Amino acid sequence: MKTLGDVFREADPLGYEPRRSDMERQLIRRRVLDRPTAAHAGAMPRRRFARAAAVVAVGAIGAAIAYRSSIAVDVVAAVRFEVHLAEDTPAAGLREVAVSGGTRRVYLHEDAILTNSDIAHAELIAGRTAATFGVALTFNDAGAGRIAIATGRHVGRPLAILIDGTVVMAPVLRSPITTSAVISGDFTRAEAERIVAGIVGR
Amino acid sequence: MTANPAIALPGAPEGDGPRERLAALFDAHEDRLYRLARRLTGSADEARDLVQDTFFKAARSLQSIPSGTAGEEEAWLVRVLVNIRRDQWRRASVRARSAGMLRAGTAIYPSTIESALITKRVVWAALDVLHPRRRAIVVMHEIEGMSRAAIASCLGISAITVGWHLSMARRELKSLLQPHIGDMR
(Lines give C-alpha, C1' and ligand atoms only; values in the text may rest on other atoms or scores of the structure.)
Protein backbone atom coordinates (compact mmCIF):
# COMPACT_ATOMS: atom_id res chain seq x y z
CA MET A 1 0.00 0.00 0.00
CA LYS A 2 1.24 3.46 -0.81
CA THR A 3 2.19 5.88 1.88
CA LEU A 4 0.96 9.44 1.94
CA GLY A 5 4.50 10.52 1.15
CA ASP A 6 4.55 8.31 -1.99
CA VAL A 7 1.28 9.82 -3.15
CA PHE A 8 2.55 13.36 -2.77
CA ARG A 9 5.92 12.70 -4.30
CA GLU A 10 4.16 11.29 -7.36
CA ALA A 11 1.90 14.34 -7.56
CA ASP A 12 4.73 16.83 -7.05
CA PRO A 13 4.36 19.47 -9.79
CA LEU A 14 8.12 19.93 -9.86
CA GLY A 15 8.26 16.36 -11.12
CA TYR A 16 6.27 16.96 -14.28
CA GLU A 17 6.34 20.67 -15.01
CA PRO A 18 8.97 21.93 -17.42
CA ARG A 19 12.12 23.12 -15.72
CA ARG A 20 12.29 26.86 -15.19
CA SER A 21 14.56 28.64 -17.58
CA ASP A 22 17.45 30.81 -16.46
CA MET A 23 15.89 33.63 -18.38
CA GLU A 24 12.76 33.54 -16.31
CA ARG A 25 14.81 33.56 -13.15
CA GLN A 26 16.84 36.52 -14.37
CA LEU A 27 13.69 38.51 -15.00
CA ILE A 28 12.58 38.10 -11.40
CA ARG A 29 16.08 38.87 -10.21
CA ARG A 30 16.10 42.09 -12.09
CA ARG A 31 12.69 43.08 -10.77
CA VAL A 32 13.84 42.46 -7.23
CA LEU A 33 17.11 44.34 -7.64
CA ASP A 34 15.64 47.24 -9.58
CA ARG A 35 12.81 47.85 -7.19
CA PRO A 36 12.98 51.40 -5.85
CA THR A 37 14.31 51.63 -2.33
CA ALA A 38 11.89 52.21 0.54
CA ALA A 39 12.27 55.97 0.18
CA HIS A 40 10.79 55.82 -3.30
CA ALA A 41 8.36 53.00 -2.77
CA GLY A 42 5.18 53.52 -4.68
CA ALA A 43 6.81 55.41 -7.49
CA MET A 44 6.86 52.33 -9.68
CA PRO A 45 3.78 50.19 -10.05
CA ARG A 46 4.39 46.65 -9.05
CA ARG A 47 4.37 44.18 -11.87
CA ARG A 48 2.62 40.97 -11.11
CA PHE A 49 2.77 37.92 -13.23
CA ALA A 50 -0.25 37.51 -15.39
CA ARG A 51 -2.07 34.31 -14.61
CA ALA A 52 -0.87 31.43 -16.74
CA ALA A 53 1.94 33.52 -18.14
CA ALA A 54 5.31 32.10 -17.44
CA VAL A 55 7.74 34.83 -18.21
CA VAL A 56 10.73 33.94 -20.25
CA ALA A 57 13.22 36.58 -21.04
CA VAL A 58 14.85 36.62 -24.38
CA GLY A 59 17.49 39.24 -24.27
CA ALA A 60 20.37 40.41 -26.30
CA ILE A 61 22.78 43.09 -25.44
CA GLY A 62 23.61 45.84 -27.81
CA ALA A 63 21.65 44.47 -30.72
CA ALA A 64 19.47 47.51 -30.90
CA ILE A 65 22.15 50.16 -31.06
CA ALA A 66 22.14 50.62 -34.81
CA TYR A 67 18.43 50.03 -34.89
CA ARG A 68 18.06 53.14 -32.78
CA SER A 69 19.29 55.37 -35.54
CA SER A 70 17.25 53.64 -38.19
CA ILE A 71 13.78 54.27 -36.87
CA ALA A 72 11.85 57.43 -37.22
CA VAL A 73 10.56 58.53 -33.86
CA ASP A 74 6.84 58.59 -34.36
CA VAL A 75 4.84 57.88 -31.27
CA VAL A 76 1.53 57.18 -32.97
CA ALA A 77 2.72 54.86 -35.74
CA ALA A 78 2.09 51.16 -35.37
CA VAL A 79 5.12 48.96 -34.95
CA ARG A 80 5.40 45.81 -37.02
CA PHE A 81 6.65 42.97 -34.88
CA GLU A 82 7.69 39.54 -36.12
CA VAL A 83 9.59 36.59 -34.77
CA HIS A 84 11.18 34.12 -37.19
CA LEU A 85 13.18 31.00 -36.62
CA ALA A 86 16.67 31.55 -38.04
CA GLU A 87 19.91 29.71 -38.78
CA ASP A 88 23.56 30.69 -38.65
CA THR A 89 24.30 29.03 -41.97
CA PRO A 90 22.63 29.50 -45.35
CA ALA A 91 20.29 26.87 -46.78
CA ALA A 92 17.71 26.65 -49.54
CA GLY A 93 14.60 28.66 -48.78
CA LEU A 94 16.21 30.87 -46.15
CA ARG A 95 16.48 34.64 -46.46
CA GLU A 96 19.77 36.26 -45.52
CA VAL A 97 19.52 39.38 -43.37
CA ALA A 98 21.92 41.48 -41.32
CA VAL A 99 21.44 41.74 -37.59
CA SER A 100 21.19 45.36 -36.61
CA GLY A 101 24.18 46.77 -34.75
CA GLY A 102 26.92 44.51 -36.06
CA THR A 103 28.24 42.49 -38.93
CA ARG A 104 26.50 39.28 -38.05
CA ARG A 105 24.13 37.78 -40.58
CA VAL A 106 21.39 35.25 -39.98
CA TYR A 107 19.24 33.22 -42.33
CA LEU A 108 15.53 33.54 -41.71
CA HIS A 109 12.88 30.92 -42.20
CA GLU A 110 10.21 32.48 -44.33
CA ASP A 111 7.15 32.24 -42.12
CA ALA A 112 6.87 34.35 -39.00
CA ILE A 113 6.10 32.23 -35.96
CA LEU A 114 4.78 35.25 -34.09
CA THR A 115 3.39 38.63 -35.13
CA ASN A 116 1.62 41.60 -33.55
CA SER A 117 -1.69 39.76 -33.35
CA ASP A 118 -0.13 37.21 -30.99
CA ILE A 119 0.77 39.79 -28.36
CA ALA A 120 -1.60 40.29 -25.48
CA HIS A 121 0.37 42.89 -23.63
CA ALA A 122 3.51 45.00 -23.94
CA GLU A 123 5.20 46.82 -21.10
CA LEU A 124 8.10 49.20 -20.65
CA ILE A 125 10.81 47.83 -18.36
CA ALA A 126 14.08 49.15 -17.00
CA GLY A 127 17.15 48.44 -19.07
CA ARG A 128 20.70 47.74 -18.05
CA THR A 129 21.37 51.33 -17.14
CA ALA A 130 19.23 54.15 -15.81
CA ALA A 131 19.00 55.66 -19.29
CA THR A 132 18.05 52.54 -21.24
CA PHE A 133 14.82 50.64 -21.52
CA GLY A 134 13.49 47.36 -22.75
CA VAL A 135 10.11 45.94 -23.65
CA ALA A 136 8.44 42.96 -21.99
CA LEU A 137 5.91 41.10 -24.10
CA THR A 138 3.21 38.67 -23.03
CA PHE A 139 1.71 36.48 -25.72
CA ASN A 140 -1.90 35.44 -26.01
CA ASP A 141 -2.81 31.75 -25.93
CA ALA A 142 -2.55 31.23 -29.68
CA GLY A 143 0.84 32.93 -29.83
CA ALA A 144 2.14 31.14 -26.77
CA GLY A 145 1.17 27.77 -28.16
CA ARG A 146 2.75 28.46 -31.52
CA ILE A 147 6.03 29.80 -30.15
CA ALA A 148 6.31 27.00 -27.61
CA ILE A 149 6.02 24.37 -30.33
CA ALA A 150 8.26 26.19 -32.79
CA THR A 151 11.02 27.00 -30.31
CA GLY A 152 10.87 23.58 -28.67
CA ARG A 153 12.41 22.09 -31.81
CA HIS A 154 14.87 24.91 -32.29
CA VAL A 155 16.94 25.02 -29.11
CA GLY A 156 20.58 25.89 -29.73
CA ARG A 157 19.76 27.79 -32.91
CA PRO A 158 18.94 31.47 -33.34
CA LEU A 159 15.64 33.23 -33.21
CA ALA A 160 15.25 36.52 -35.06
CA ILE A 161 13.17 39.34 -33.61
CA LEU A 162 12.17 41.91 -36.19
CA ILE A 163 10.78 45.34 -35.58
CA ASP A 164 9.56 47.14 -38.68
CA GLY A 165 11.40 44.63 -40.83
CA THR A 166 14.78 45.09 -39.12
CA VAL A 167 16.32 42.24 -37.14
CA VAL A 168 16.92 43.98 -33.83
CA MET A 169 18.25 40.87 -32.18
CA ALA A 170 18.87 37.22 -32.91
CA PRO A 171 19.53 35.45 -29.63
CA VAL A 172 20.41 31.78 -29.62
CA LEU A 173 17.64 29.84 -27.90
CA ARG A 174 18.77 28.27 -24.66
CA SER A 175 15.34 26.84 -23.90
CA PRO A 176 11.90 26.95 -25.49
CA ILE A 177 9.95 30.18 -25.14
CA THR A 178 6.45 29.79 -23.79
CA THR A 179 4.35 32.78 -23.09
CA SER A 180 6.45 35.89 -22.96
CA ALA A 181 9.72 37.50 -23.80
CA VAL A 182 11.80 40.54 -23.05
CA ILE A 183 13.39 42.64 -25.76
CA SER A 184 16.23 44.10 -23.80
CA GLY A 185 17.90 46.32 -26.31
CA ASP A 186 19.47 49.57 -25.24
CA PHE A 187 16.44 51.54 -26.25
CA THR A 188 15.93 55.14 -25.23
CA ARG A 189 12.76 55.74 -23.32
CA ALA A 190 11.07 57.27 -26.41
CA GLU A 191 11.93 54.27 -28.56
CA ALA A 192 10.78 51.76 -26.01
CA GLU A 193 7.56 53.68 -25.46
CA ARG A 194 6.96 53.80 -29.17
CA ILE A 195 7.34 50.04 -29.38
CA VAL A 196 5.06 49.46 -26.42
CA ALA A 197 2.41 51.79 -27.84
CA GLY A 198 2.66 50.53 -31.37
CA ILE A 199 3.10 46.81 -30.96
CA VAL A 200 -0.30 45.64 -29.76
CA GLY A 201 -3.35 45.28 -31.92
CA ARG A 202 -2.01 45.97 -35.34
CA MET B 1 30.16 38.55 -32.02
CA THR B 2 28.95 35.24 -33.36
CA ALA B 3 25.99 34.92 -31.07
CA ASN B 4 24.22 37.35 -28.91
CA PRO B 5 23.91 36.21 -25.34
CA ALA B 6 20.46 34.75 -24.88
CA ILE B 7 20.07 36.25 -21.46
CA ALA B 8 20.54 39.83 -20.45
CA LEU B 9 22.07 39.68 -17.03
CA PRO B 10 22.21 42.54 -14.64
CA GLY B 11 25.87 43.14 -13.92
CA ALA B 12 27.48 40.80 -11.44
CA PRO B 13 27.33 42.40 -8.04
CA GLU B 14 30.50 43.82 -6.61
CA GLY B 15 31.09 45.40 -3.25
CA ASP B 16 28.91 45.02 -0.20
CA GLY B 17 26.13 47.58 -0.52
CA PRO B 18 22.48 46.62 0.05
CA ARG B 19 21.91 45.88 -3.61
CA GLU B 20 24.86 43.49 -3.65
CA ARG B 21 23.66 41.80 -0.49
CA LEU B 22 20.24 41.37 -2.03
CA ALA B 23 21.75 40.00 -5.24
CA ALA B 24 23.83 37.54 -3.25
CA LEU B 25 20.78 36.41 -1.27
CA PHE B 26 18.81 35.97 -4.47
CA ASP B 27 21.52 33.96 -6.18
CA ALA B 28 22.09 31.73 -3.19
CA HIS B 29 18.50 31.01 -2.22
CA GLU B 30 16.07 31.74 -5.03
CA ASP B 31 16.06 28.23 -6.41
CA ARG B 32 15.37 26.62 -3.08
CA LEU B 33 12.64 29.16 -2.35
CA TYR B 34 10.99 28.57 -5.70
CA ARG B 35 10.89 24.83 -5.11
CA LEU B 36 9.26 25.36 -1.74
CA ALA B 37 6.92 28.04 -3.10
CA ARG B 38 5.81 25.81 -5.94
CA ARG B 39 4.92 23.10 -3.49
CA LEU B 40 3.02 25.51 -1.30
CA THR B 41 0.91 26.85 -4.16
CA GLY B 42 -1.38 25.65 -6.90
CA SER B 43 0.49 27.04 -9.89
CA ALA B 44 3.90 28.12 -11.10
CA ASP B 45 2.64 31.70 -11.42
CA GLU B 46 1.59 31.87 -7.80
CA ALA B 47 4.95 30.40 -6.83
CA ARG B 48 6.82 33.07 -8.78
CA ASP B 49 4.77 35.82 -7.20
CA LEU B 50 5.43 34.34 -3.80
CA VAL B 51 9.19 34.22 -4.34
CA GLN B 52 9.17 37.74 -5.72
CA ASP B 53 7.21 39.03 -2.72
CA THR B 54 9.63 37.24 -0.38
CA PHE B 55 12.58 39.05 -1.92
CA PHE B 56 10.71 42.37 -1.92
CA LYS B 57 10.27 41.86 1.80
CA ALA B 58 13.93 40.93 2.15
CA ALA B 59 14.86 44.14 0.32
CA ARG B 60 12.94 46.15 2.89
CA SER B 61 14.39 44.29 5.86
CA LEU B 62 17.98 43.60 4.88
CA GLN B 63 19.31 44.64 8.28
CA SER B 64 17.23 42.05 10.08
CA ILE B 65 18.42 39.11 7.98
CA PRO B 66 21.05 37.19 9.94
CA SER B 67 24.33 37.44 8.10
CA GLY B 68 25.89 34.33 9.64
CA THR B 69 25.54 31.10 7.74
CA ALA B 70 23.67 30.33 4.55
CA GLY B 71 21.40 28.14 6.65
CA GLU B 72 20.36 31.09 8.83
CA GLU B 73 19.67 33.25 5.81
CA GLU B 74 17.66 30.48 4.26
CA ALA B 75 15.63 29.91 7.41
CA TRP B 76 14.82 33.63 7.57
CA LEU B 77 13.67 33.66 3.95
CA VAL B 78 11.66 30.46 4.36
CA ARG B 79 9.85 31.90 7.36
CA VAL B 80 9.01 35.08 5.46
CA LEU B 81 7.78 33.06 2.50
CA VAL B 82 5.55 30.88 4.66
CA ASN B 83 4.20 33.96 6.46
CA ILE B 84 3.35 35.70 3.20
CA ARG B 85 1.56 32.55 2.09
CA ARG B 86 -0.32 32.45 5.37
CA ASP B 87 -1.50 36.03 4.84
CA GLN B 88 -2.71 35.15 1.35
CA TRP B 89 -4.44 32.07 2.69
CA ARG B 90 -6.28 34.12 5.25
CA ARG B 91 -7.70 36.09 2.41
CA ALA B 92 -9.41 32.79 1.68
CA SER B 93 -9.84 32.32 -2.04
CA VAL B 94 -7.23 29.58 -2.06
CA ARG B 95 -9.31 27.34 0.15
CA ALA B 96 -12.52 27.88 -1.79
CA ARG B 97 -10.88 26.87 -5.05
CA SER B 98 -9.39 23.65 -3.84
CA ALA B 99 -12.63 22.50 -2.25
CA GLY B 100 -14.26 22.80 -5.67
CA MET B 101 -11.46 20.88 -7.31
CA LEU B 102 -11.82 17.97 -4.91
CA ARG B 103 -15.54 17.77 -5.49
CA ALA B 104 -15.12 17.93 -9.27
CA GLY B 105 -12.54 15.17 -9.33
CA THR B 106 -14.56 12.31 -7.89
CA ALA B 107 -14.46 10.04 -10.93
CA ILE B 108 -10.91 9.08 -11.71
CA TYR B 109 -9.67 6.35 -14.02
CA PRO B 110 -5.91 6.41 -13.79
CA SER B 111 -5.47 4.19 -16.83
CA THR B 112 -4.59 7.00 -19.21
CA ILE B 113 -1.91 9.63 -19.04
CA GLU B 114 -4.48 12.38 -18.98
CA SER B 115 -6.39 11.03 -16.04
CA ALA B 116 -3.14 10.26 -14.25
CA LEU B 117 -2.39 13.96 -14.52
CA ILE B 118 -5.84 14.76 -13.18
CA THR B 119 -5.15 12.46 -10.24
CA LYS B 120 -1.94 14.32 -9.55
CA ARG B 121 -3.74 17.64 -9.65
CA VAL B 122 -6.45 16.43 -7.32
CA VAL B 123 -3.89 15.08 -4.89
CA TRP B 124 -2.03 18.34 -5.05
CA ALA B 125 -5.20 20.36 -4.56
CA ALA B 126 -5.81 18.47 -1.33
CA LEU B 127 -2.79 20.22 0.14
CA ASP B 128 -4.65 23.50 -0.22
CA VAL B 129 -6.86 22.61 2.73
CA LEU B 130 -3.87 22.72 5.04
CA HIS B 131 -2.86 25.88 6.78
CA PRO B 132 0.28 27.12 4.97
CA ARG B 133 2.54 26.48 7.92
CA ARG B 134 1.27 22.93 8.25
CA ARG B 135 1.56 22.49 4.52
CA ALA B 136 5.15 23.72 4.60
CA ILE B 137 5.90 21.14 7.28
CA VAL B 138 4.31 18.35 5.23
CA VAL B 139 6.20 19.41 2.10
CA MET B 140 9.52 19.63 3.91
CA HIS B 141 9.07 16.27 5.60
CA GLU B 142 7.20 14.09 3.11
CA ILE B 143 8.57 15.48 -0.15
CA GLU B 144 11.90 17.09 0.64
CA GLY B 145 12.79 14.47 3.23
CA MET B 146 13.86 16.91 5.95
CA SER B 147 13.98 15.60 9.50
CA ARG B 148 11.62 16.92 12.16
CA ALA B 149 14.54 18.55 13.96
CA ALA B 150 15.73 20.32 10.80
CA ILE B 151 12.24 21.60 10.08
CA ALA B 152 11.87 22.76 13.65
CA SER B 153 15.07 24.73 13.53
CA CYS B 154 14.25 26.23 10.13
CA LEU B 155 10.80 27.41 11.17
CA GLY B 156 11.78 28.36 14.70
CA ILE B 157 9.35 25.97 16.43
CA SER B 158 9.82 22.83 18.51
CA ALA B 159 10.20 19.35 17.06
CA ILE B 160 7.16 18.28 19.05
CA THR B 161 5.07 20.93 17.32
CA VAL B 162 6.38 19.70 13.98
CA GLY B 163 5.33 16.16 14.85
CA TRP B 164 1.90 17.33 15.91
CA HIS B 165 1.38 19.21 12.64
CA LEU B 166 2.47 16.14 10.69
CA SER B 167 0.03 13.83 12.38
CA MET B 168 -2.85 16.30 12.10
CA ALA B 169 -2.03 16.79 8.43
CA ARG B 170 -1.99 13.05 7.77
CA ARG B 171 -5.40 12.70 9.29
CA GLU B 172 -6.84 15.60 7.26
CA LEU B 173 -5.27 14.46 4.00
CA LYS B 174 -6.15 10.80 4.29
CA SER B 175 -9.82 11.48 4.81
CA LEU B 176 -9.84 13.88 1.86
CA LEU B 177 -7.95 11.63 -0.51
CA GLN B 178 -9.40 8.26 0.43
CA PRO B 179 -12.37 8.58 -1.98
CA HIS B 180 -9.97 9.44 -4.82
CA ILE B 181 -7.08 7.08 -4.45
CA GLY B 182 -8.09 4.52 -1.86
CA ASP B 183 -6.38 3.60 1.37
CA MET B 184 -2.92 4.73 2.28
CA ARG B 185 -0.49 3.94 4.97
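The values are calculated or read from the model by the stated rules, or taken from the named source; none is laboratory data. From a predicted model like this one, the values you see are computed outputs, not experimental measurements. Note that we place each Cβ from the backbone using ideal geometry, even for glycine, and neighbour counts take in every protein chain shown.
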Q | Looking only at segment A:161-181, and only at residues there that are among the hydrophobic types (A, V, I, L, M, F, W, C) and crowded, with 24+ Cβ neighbours inside 10 Å, the one that is nearest to residue A:121 (Cα to Cα) | A | A:181
(Q) Let me confirm something: among B:45, B:53, which residue is of a type in the set (Asp, Glu) and at the interface with chain A (Cβ under 8 Å from one of its Cβ atoms)? (A) B:45
Q | For residue B:163: the one exception among (1) without any contact (Cβ under 8 Å) to a residue 60 or more places away in the chain; (2) of a type outside the set (A, V, I, L, M); (3) under 24 Å from residue A:1 (Cα atoms); (4) within 14 Å of chain A (Cβ to nearest Cβ) | A | (4)
Q) Where residues in segment A:5-23 are within 14 Å of the chain's Cα centre (by Cα) and facing another protein chain (nearest Cβ under 8 Å), which of them is nearest to residue B:136 (Cα to Cα)? A) A:22
Q. Name the residues in segment B:31-58 that are surrounded by fewer than 21 Cβ atoms within 10 Å (Cβ to Cβ) and over 18 Å from residue A:19 (Cα atoms), would you?
A. B:53, B:56, B:57
Q) Any idea which of (1) outside any helix (DSSP H, G or I); (2) among the basic types (Lys, Arg); (3) at pLDDT 50 or above is the one residue A:48 doesn't satisfy? A) (3)
Q: Return a yes/no flag: does segment A:107-128 have any residue that is touching a strand residue (DSSP E or B) at 6+ places or on another chain (Cβ under 9 Å), within 14 Å of chain B (Cβ to nearest Cβ) and of a type in the set (Gly, Ala, Ser).
A: yes
Q. When you scan segment B:157-178, how many residues do you find that are more than 21 Å from the chain's Cα centre (by Cα) and not hydroxyl-bearing (Ser, Thr, Tyr)?
A. 2
Q. When segment A:1-32 is examined, which residues are found to be in contact (Cβ under 8 Å) with a residue 40 or more places away in the chain and surrounded by 19 or more Cβ atoms within 10 Å (Cβ to Cβ)?
A. A:21, A:23, A:27, A:30
(Q) Given the condition assigned to a helix (DSSP H, G or I), within 15 Å of residue B:134 (Cα to Cα) and either modelled with pLDDT of 95 or more or within 14 Å of chain A (Cβ to nearest Cβ) (or both), answer yes or no: does some residue in segment B:61-74 qualify? (A) no
